[in-house]
Amino acid sequence: MFTGIVETTGLVEAIEATGTNLTFRIESSLTPELKIDQSVSHNGVCLTVTSLDDRSYTVTAVDETLKKTNLGKLAVGDRVNLERCMPANGRFDGHIVQGHVDQPGLCTNIQDVDGSWLFDFEYAPGDDPANRNITVEKGSICINGVSLTVFNSEDNRFRVTIIPYTYNHTTFRDLKVGDMVNLEFDIVGKYLKKMFAGYR
């Protein structure tokens, strides 16, 4: 489990295709603290460390992951948000994040408001009405692995505010209008939506 509090960013050093899978070599300051078989969130996607050296490590994304996230669009030189799983004795600073992306979203607008930034996102509804994701005003959302608070919540769209620290220490400073992002919706909201769906 993760919290959506990004520890640092990593640099994509190499990408290797093996069948329908992609293996990424990531350079990161976290590498000396990692071990093989450890779970690490990459842009909100939980991946397993498969090898490492002094300064970089590798993870593999399977075809299903590549289809449902933006990892397949990564290129050498891109940066990714990184978070190790939450320690049992750690502080819960974000919200419950599983590292299982629900669907991609699209950045539709970025506005600099003199000290912070407003980002607007849209997402398509799922084919199955029972699986359609929702946001709620002042609720939680995970975008590319970052825990954020929703406002201007509407059907299939919402807005978040990014403070300077988050902007400068995550990949939000690299994000452009039209870019795809990974969305993980609040797990509590997803359970409640499913529980009450039968009462409609």
Query raised in the report: What residue among Tyr123, Asn168, Val45 has its Cα farthest toward the positive end of the dipole of the chain, where the charges are +1 on Lys, Arg and -1 on Asp, Glu, each on the Cβ?
Result: Tyr123
Report summary line: Rounded to the nearest 10 degrees, the helix 187-197 long axis (Cα) sits at an angle to the longest Cα principal axis of the chain of 40
Report summary line: Diffing segment 30-43: the Karplus 3J(HN,Hα) column from phi (6.51, -1.76, 1.60, θ = phi - 60°), in whole Hz with x for Gly and Pro, holds 6, 3, x, 9, 8, 9, 4, 6, 7, 8, 9, 7, 10, 6
Report task. Net charge near Ala75: determine it from the other residues with C-beta under 15 Å of the C-beta of Ala75, scoring Lys and Arg +1 and Asp and Glu -1. Result -> -2
Report task. Mind putting a number on the dipole of the chain about its Cα centre? Charges go on the C-beta only, +1 for Lys and Arg and -1 for Asp and Glu, and I need it in Debye to the nearest 20. Result -> 460
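What number comes out for the charge environment of Tyr165, summing +1 per Lys or Arg and -1 per Asp or Glu over other residues with Cβ under 15 Å away? Walk me through the numbers on the way to the answer.
Details: positive: Arg173; negative: Glu7, Asp93.
Around Tyr165, the charge tally is -1.
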Query raised in the report: What are the lysines whose alpha-carbon lies under 30 Å from the alpha-carbon of Lys176, with same-chain residues fewer than 8 places away excluded?
Result: Lys67, Lys68, Lys73, Lys138, Lys190
Report summary line: With T = 4 °C, eta = 1.567 mPa s and Kirkwood Rh from C-alpha pairs, the Stokes-Einstein D of segment 63-175 in µm²/s is about 84
**Report entry** Equivalent ellipsoid semi-axes - Cα gyration tensor, segment 8-84, angstrom
**Finding:** 18, 12, 12
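Show me the ranking of peptides 85-93, 20-28, 137-145 by mean Cβ neighbours inside 10 Å, starting with the highest.
Values: 85-93: 10.2, 20-28: 18.6, 137-145: 22.0.
Sorting 85-93, 20-28, 137-145 by mean packing, highest first, produces 137-145, 20-28, 85-93.
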Report task. Would you tally the net charge around Lys176, using a Cβ to Cβ cut-off of less than 14 Å, leaving Lys176 out, and scoring K and R as +1, D and E as -1? Result -> -2
Query raised in the report: Measuring from centroid to centroid over Cα atoms, what is the spacing of segment 7-68 and segment 140-200 in Å?
Result: 23
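Any read-out appearing in this document is the output of simple, stated calculations on the displayed coordinates, not a laboratory observation. Note that the structure is a prediction, hence the values are computed from the model and not measured. Cβ coordinates were reconstructed from backbone atoms using ideal geometry, including for glycine residues, and neighbour counts include every protein chain displayed.
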